[in-house]
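Below is one structure; the comments refer to it alone.
The values are calculated or read from the model by the stated rules, or taken from the named source; none is laboratory data. Keep in mind that this is a model prediction, so the values were computed, not measured. Every residue, glycine among them, receives a Cβ derived from its backbone with ideal geometry; neighbour counts consider all protein chains shown.
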Amino acid sequence: MFKKLFLLIFFLSIISACSNAAKDIVPIYVSPQQYSNYDCDQIRAELQRIAGKVRTLTGQLDKNNENDKVATGVSLILFWPAVFFLGGTKEEEAEFARLKGEYDALEQASIMKKCSL
C-alpha cells in the first residue's frame, strides 16, 4: 500500500515540477481601459516593446521546458532524487502570463480607437 502511494506521489511531483511551455501559459486578464489615454502611436510602441519581451521569454520558457523533460528522463534512470530540483522559475511564467494579458489588452485598445496596426 505504501509503495503504491509513494509511487503515485513521486510521479505527481515529477509532472508538477516541470516548467511550462510558453504555449501552455494562459494570459492574465488586463483591462484595455488602462490604455484609454494612449494614442495610436503609443499603443503601437507599447505593443512592440511587449512583443519583444514575449519573444525573449518564449524562448527561455520553451528551453526550460525542454531541459526539464530531458533531465526528468535522465533523473529517473540515473538518480531519481534529482527530479525534485526540476522546474523553471514560476516568476518567469507569471511575467509571461502578465505580458500576454497586456498584449491582448493593447490589441483591444487599438481596436476600440480604430488604430491601423
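If we keep just the residues of region 87-117 that are among the hydrophobic types (A, V, I, L, M, F, W, C) and more than 14 Å from ALA51 (Cβ to Cβ), which is modelled with the lowest pLDDT?
Only one residue tops the list, namely ALA94.
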**Request:** Could you identify the single residue in PHE79, PHE84 that is at pLDDT below 80 and either exposed (fewer than 12 other Cβ atoms within 10 Å of the Cβ) or in contact with a strand residue (DSSP E or B) (Cβ under 7 Å, 6 or more places away or on another chain) (or both)?
**Result:** PHE79
